[in-house]
Amino acid sequence: MAKIPINMQSGEIEKKEIIIGIDLGTTNSLVAYIDNGIPAIVKDNNSQNTLVPSVILFGEEDQIVVGDLAKSQIILRPERTIYSVKRLMGKSYNDVENYEKLLSYDIIDQENELVKVKVGNRFYNPIELSSEILKYLKTRIEKHLGESVSKAVITVPAYFNDSQRQATRDAGKLAGLDVLRILNEPTAASLAYGFGTKEDKKETIAVYDLGGGTFDISILKLDHGVFDVLSTDGDTFLGGDDVDRAIIDHWIKEKGIDLSRLEEDKSLGQALRLRAEQAKKALSAQNEYRSDDGEYALSHEIFHALVQPIIQRTIDKCQSALNEAELKTEDIDKIILVGGSTRMPLVKKTVSDFFGQKAYDDINPDEVVAIGAAVQADILSGNTTGYLLLDVTPLSLGIETMGGLMDTIIPRNSKVPASVGRSYTTSVDGQKNLKVSVYQGERELVENNRKLGEFILKDIPPMPAGIPKIEVRFILDADGILRVRAKEERSGKETEVVIKSQYGISEEEMGKMLLDSLKHADADMKKKALLESINEAQSILRAGEKFVIQNKEILSEEEIEKLNQHILSLSSAIESKDRNQIESEMKSLNDYSTPLAERAMDHNIKKALSGKKLA
Ligand code: ADP
Ligand code: MG
């Protein structure tokens with residue numbers, strides 16, 4: 001295969017600009033960049049955590065909190081704490097109906113529309129919610145770099161369909177990021193692995209990614225800096241969450257917990273969920289789990305029995321990916337473990353046994369995808385050279401033909417970018433219009449696949465059935481986003497559309513959402529400023545009251561009276577929630593009390609000093 005030097009391909013991007021890499025996970029998200037050739041994951045200033053829980057809390061005043069702080073509120077405010085948004089991306093209500101019961105927050109039933117989450121009296125779609133996580137990550141890295149960033153590479157599971165990719169890109173846009181590339185997570189992982197070891201390596205790699213919500217397996221060929229994806233497979237509903245649920249189910253049975261109680265009491269459900277996750281993590285390091293209060297326990301043996309079927313499902317997928325690539329386990333040179341759930345020793349062992357060699361876990365499995373995204377970003381920025389990424393489309397793309405059949409034009413696992421044409425004709429004499437309905441999926445009947453969109457090729461000159469020659473061409477770009485062109489060759493009539501995903505959002509909606517978010521940004525800022533003033537005012541108030549009590553003998557009656565008046569005014573200003581008033585009352589109290597405080601201090605110092613002399 002010919003190698004194409006990347007730096008010669010992309011002339012449009014300025015060199016040295018930092019493009020960031022984002023792993024937008026179901027459970028955790030990370031932001032990374034390449035700092036002078038070295039991958040850097042940006043940490044939280046205080047906690048030093050690299051992982052940002054993909055959790056969004058809407059406070060009572062609709063103020064938005066993302067990350068660790070939001071996650072910590074899940075038990076207290078389950079209906080306002082939104083998690084696993086990624087599972088809702090690009091989905092309609094019908095797609096998630098069954099899943100909804102498992103969530104602690106409300107999803108709105110609007111048939112055939114993009115899913116919406118209800119918090120208080122407001123509605124949010126998954127794109128807006130994901131954009132909050134992205135904004136948080138953007139701010140984190142901007143603080144770290146001390147400059148603003150505007151371009152990003154965001155990763156998605158290999159199994160994401162067109163709607164889900166579009167939704168991810170839209171979320172980026174809404175967060176003020178120009179998403180240069182949507183990158184498959186396993187491909188990112190292999191990039192991270194290949195980074196720095198590019199010289200002369202020729203290997204076939206399996207990337208096994210078991211996260212919180214999704215499982216992906218990819219087989220790639222790495223040849224002298226060229227990455228070639230041979231096959232991908234996976235399951236968008238398989239991950240650590242399933243392990244947690246298996247543990248919960250076990251406890252429910254063991255303790256005879258009433259299920260209706262769990263459905264009513266969302267806090268209890270969340271508490272149980274966190275407890276289960278704690279037990280699972282503990283059992284990655286020790287043999288036995290027992291909660292602090294002694295209420296919940298889990299043995300190694302029972303845990304293994306619960307997890308085994310889940311791991312087996314991932315192994316079955318590994319086998320299909322191998323079949324697809326026409327390879328055997330012994331053809332794989334390296335198995336890279338990705339995702340927090342690969343920390344479970346049983347996963348490591350089962351995967352190693354299946355492939356007949358020890359799985360590679362040298363790169364932190366939490367960080368490997370984000371590092372890969374940063375490597376891809378650095379390639380796009382023109383800093384890293386010598387790599388070429390050949391990605392594949394995870395699902396087949398085709399159109400509906402007679403009898404509701406799926407006619408695949410671009411088969412799954414085709415390399416992207418791709419452009420494939422196929423000829424069709426009319427079925428009725430004098431037929432003027434031809435409807436082209438585009439589907440994605442592997443099933444024979446289109447009704448079982450996902451409709452991406454449709455359009456009509458109009459004004460075909462009247463001809464007997466079977467005579468017109470219509471070429472339908474699918475053009476798939478490097479992000480897996482599709483354009484479809486239909487052309488009647490005899491007359492030259494042509495129509496082309498960019499397939500907008502069915503549950504995506506239109507440009508107008510996007511504009512409105514952007515405006516909305518700007519509007520709210522302002523309101524959010526004001527609210528925050530008010531809260532800060534109130535906090536400060538309250539501490540000044542307490543200090544003032546204390547000052548009066550402690551300094552009764554130094555202050556004149558008039559001064560005490562005046563001080564109390566100021567304190568009263570400030571306290572009613574706080575009640576009024578008028579920031580200007582609060583600020584001005586704070587200032588008056590301060591101005592009046594400062595000289596008194598100085599006098600009191602002098603007095604107290606004198607007293608202290610004289611005390612010393614006496615001693
Ligand atoms: P995602 O890609 O879905 O965002 P991650 O790769 O961050 O997810 O993995 C999160 C999952 O990993 C969660 O289900 C979490 O409970 C699990 N996990 C994290 N650490 C451990 C551990 N030490 N043992 C077992 N599971 C773990
Ligand atoms: Mg992940």
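Taken over the stretch 140-170, residues that are more than 16 Å from ligand 2 (Cβ to nearest atom) and closer than 27 Å to residue 96 by Cβ amount to 8. Across the stretch 196-210, the number of residues qualifying as away from ligand 1 (no atom under 16 Å from the Cβ) and either surrounded by 22 or more Cβ atoms within 10 Å (Cβ to Cβ) or modelled with pLDDT of 90 or more (or both) comes to 3. The one condition from (1) buried (at least 21 other Cβ atoms within 10 Å of the Cβ); (2) modelled with pLDDT under 90; (3) within 11 Å of ligand 1 (Cβ to nearest atom); (4) of a type in the set (Val, Ile, Thr) that residue 247 does not meet is (2).
Restricting attention to the stretch 250-296 and to residues that are exposed (fewer than 14 other Cβ atoms within 10 Å of the Cβ) and polar (S, T, N, Q), the residue that is nearest to ligand 1 (Cβ to nearest atom) turns out to be 286.
Residue 159 satisfies every condition listed in (1) in contact with a strand residue (DSSP E or B) (Cβ under 9 Å, 6 or more places away or on another chain); (2) modelled with pLDDT of 85 or more; (3) not in a strand (DSSP E or B) except (2). Could you check, for the stretch 325-332, whether at least one of its residues is modelled with pLDDT of 95 or more and within 14 Å of ligand 1 (Cβ to nearest atom)? No, the stretch 325-332 contains no residue that is modelled with pLDDT of 95 or more and within 14 Å of ligand 1 (Cβ to nearest atom).
Within the stretch 211-234, being modelled with pLDDT under 90, aliphatic (A, V, I, L, M) and closer than 16 Å to residue 332 by Cβ holds for 220, 222, 229, 230. Would you confirm whether or not the stretch 65-86 contains a residue that is more than 20 Å from residue 124 (Cα to Cα), under 20 Å from the mean Cα position of the chain (by Cα) and either within 16 Å of ligand 2 (Cβ to nearest atom) or in contact (Cβ under 8 Å) with a residue 40 or more places away in the chain (or both)? Checked the stretch 65-86: no residue is more than 20 Å from residue 124 (Cα to Cα), under 20 Å from the mean Cα position of the chain (by Cα) and either within 16 Å of ligand 2 (Cβ to nearest atom) or in contact (Cβ under 8 Å) with a residue 40 or more places away in the chain (or both). Annotation: of all residues in the stretch 333-359 being among the hydroxyl-bearing types (Ser, Thr, Tyr) and surrounded by 20 or more Cβ atoms within 10 Å (Cβ to Cβ), the one that is nearest to ligand 1 (Cβ to nearest atom) is 341. Looking at this structure, is residue 320 away from ligand 1 (no atom under 15 Å from the Cβ), farther than 27 Å from residue 82 by Cα, outside the structural domain of residue 99 (by TED's automatic domain parsing) and of a type in the set (S, T, N, Q)? Considered against the rule, which asks whether it is away from ligand 1 (no atom under 15 Å from the Cβ), farther than 27 Å from residue 82 by Cα, outside the structural domain of residue 99 (by TED's automatic domain parsing) and of a type in the set (S, T, N, Q), residue 320 comes out as no. The C-beta contact set for the stretch 210-224 (first residue outside the structural domain of residue 86 (by TED's automatic domain parsing) and more than 20 Å from residue 348 (Cα to Cα), second residue modelled with pLDDT under 95 and within 9 Å of ligand 1 (Cβ to nearest atom), distance under 9 angstrom, 6+ apart or interchain) is empty. Just one of the listed residues (283, 322, 327) is in contact with a His (Cβ under 8 Å, 6 or more places away or on another chain), closer than 30 Å to residue 356 by Cα and in contact (Cβ under 8 Å) with a residue 12 or more places away in the chain, and it is 283. Candidates in the stretch 400-415 are the residues that are buried (at least 19 other Cβ atoms within 10 Å of the Cβ) and hydrophobic (A, V, I, L, M, F, W, C); of these, the one that is modelled with the lowest pLDDT is 406. Restricting attention to the stretch 22-60, the residues being of a type in the set (D, E, K, R) and within 16 Å of ligand 1 (Cβ to nearest atom) number 3.
Residues that are more than 29 Å from residue 375 (Cβ to Cβ) number at least 1 in the following strands (runs of 3 or more DSSP E) confined to the stretch 195-313: 288-290, 297-299.
Comparison of 313, 290 shows that the only residue that is touching a residue at least 60 places away in the same chain (Cβ under 8 Å), more than 16 Å from ligand 2 (Cβ to nearest atom) and at negative phi is 313. Scanning the stretch 290-305 for residues that are more than 16 Å from residue 349 (Cβ to Cβ) and within 30 Å of the chain's Cα centre (by Cα) yields nothing. On the basis of being closer than 21 Å to residue 232 by Cα, touching a strand residue (DSSP E or B) at 6+ places or on another chain (Cβ under 7 Å) and assigned by TED's automatic domain parsing to the domain that holds residue 232, does residue 367 make the cut? Criteria met by residue 367. Is it the case that residue 588 is hydroxyl-bearing (Ser, Thr, Tyr), touching a Leu at 6+ places or on another chain (Cβ under 9 Å) and surrounded by 16 or more Cβ atoms within 10 Å (Cβ to Cβ)? Against the criterion (hydroxyl-bearing (Ser, Thr, Tyr), touching a Leu at 6+ places or on another chain (Cβ under 9 Å) and surrounded by 16 or more Cβ atoms within 10 Å (Cβ to Cβ)), residue 588 does not qualify. I'd like to verify a number: residues in the stretch 319-373 that are touching a Lys or Arg at 6+ places or on another chain (Cβ under 8 Å), part of a helix (DSSP H, G or I) and aromatic (Phe, Trp, Tyr), how many? Final tally of qualifying residues: 0.
Restricting the search to the stretch 109-129, which residues are of a type in the set (Val, Ile, Thr) and assigned to a loop (DSSP other than H, G, I, E, B)? Once the filter is applied, which keeps residues that are of a type in the set (Val, Ile, Thr) and assigned to a loop (DSSP other than H, G, I, E, B), the stretch 109-129 yields only 115.
So that you can scan it fast, the table gives a plain yes or no per residue for (1) at pLDDT 90 or above; (2) within 27 Å of residue 43 (Cβ to Cβ):
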residue: 339; (1), (2): yes, yes
residue: 356; (1), (2): yes, no
residue: 360; (1), (2): yes, yes
residue: 379; (1), (2): no, yes
residue: 386; (1), (2): no, no
residue: 396; (1), (2): no, no
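Results for (1) touching a helix residue (DSSP H, G or I) at 6+ places or on another chain (Cβ under 7 Å); (2) assigned to a strand (DSSP E or B); (3) not assigned by TED's automatic domain parsing to the domain that holds residue 144, shown as yes or no for each residue.
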| residue | (1), (2), (3) |
| --- | --- |
| 40 | no, yes, no |
| 46 | no, no, no |
| 62 | no, no, no |
| 69 | no, no, no |
| 74 | yes, no, no |
| 79 | yes, no, no |
| 90 | yes, no, no |
| 96 | yes, no, no |
| 107 | yes, yes, no |
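The values are calculated or read from the model by the stated rules, or taken from the named source; none is laboratory data. Treat the numbers as computed from the prediction; the structure is a model and nothing was measured. Neighbour counts are summed over all protein chains in view; Cβ atoms, including those assigned to glycine, are modelled from backbone coordinates with ideal geometry.
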